[in-house]
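Take a look at the structure set out below.
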Amino acid sequence: MKGILASGQGGTMGLFPIILMYVAIFGIMYFLLMRPQKKEKKRLAAMIADMEVGDTVLTTSGFYGVVIDISETDVIVEFGNNKNCRIPMQKAAIMQVEKPGA
């Protein structure tokens, strides 16, 4: 009889460590996966907001170019020394911005 009561009481205490383990796993995933992505997104948004005409940019496709014109959602980028190679693209396609003096 004593064994039945002891095992019945142990069942409710066994639930707490499982919940604690799930909370710990979620916390670890947050700090390893979600938080760095949010920081990178904020950094990229600030970099694009500070972009000016004349800055050198690297696109997501790997091309370097110079910003010629900026509108609300688009940028016109000049690639190479050829003045006829100007391509409009979305700001989301910009991966890196370098200032001319840097």
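The values are calculated or read from the model by the stated rules, or taken from the named source; none is laboratory data. Here the structure is a predicted model, which means the values were calculated and not measured. With ideal geometry, Cβ positions are generated from the backbone for all residues, glycine too; neighbour counts draw on all protein chains shown. The protein model used for the area step is the full one, side chains on, heavy atoms only, and it has no ligands, DNA or RNA in it. Shrake-Rupley method; radii C 1.70, N 1.55, O 1.52, S 1.80 Å.
Taking 0.36 nm per residue of separation and subtracting the current Cα-Cα distance, fully stretching the chain between ASN84 and ARG43 would add 11.6 nm. Scalar couplings 3J(HN,Hα) for the range 88-98, obtained by applying the Karplus form with A = 6.51, B = -1.76, C = 1.60 to θ = phi - 60°, are x, 8, 6, 5, 5, 7, 8, 9, 8, 10, 10 Hz; x denotes Gly and Pro.
In the complete set of protein chains, residue-level accessible area for LEU32 is approximately 120 Å², probe 1.4 angstrom. Pairs of Lys residues in the chain, spaced 8 or more positions apart or belonging to different chains, with C-alpha separations under 29 angstrom: 11 in total.
Can you give me the relative contact order of the chain as a percent, contacts being Cα pairs under 8 Å and 6 or more apart? Taking the mean separation of contacting Cα pairs over the length of the chain, I get 21 percent. A simple spin-label model places the labels of MET21 and THR60 3.9 nm from each other, with each point 7 Å out along Cα-to-Cβ.
For the chain, a crude dipole built from +1 on the beta carbon of Lys and Arg and -1 on the beta carbon of Asp and Glu, taken about the Cα centre, is about 640 debye to the nearest 20. Scanning residues 5 or more positions from ASP55 or on other chains, those with amide H under 5 Å from its amide H are VAL67, with H placed 1.01 Å from N in the peptide plane.
Using the empirical formula 2.2 N^0.38 Å as the baseline, the Cα radius of gyration of the range 6-100 reaches a ratio of 1.94. Ranked by the mean number of other Cβ atoms within 10 Å of their residues, highest first, the peptides 23-31, 73-81 fall in the order 73-81, 23-31.
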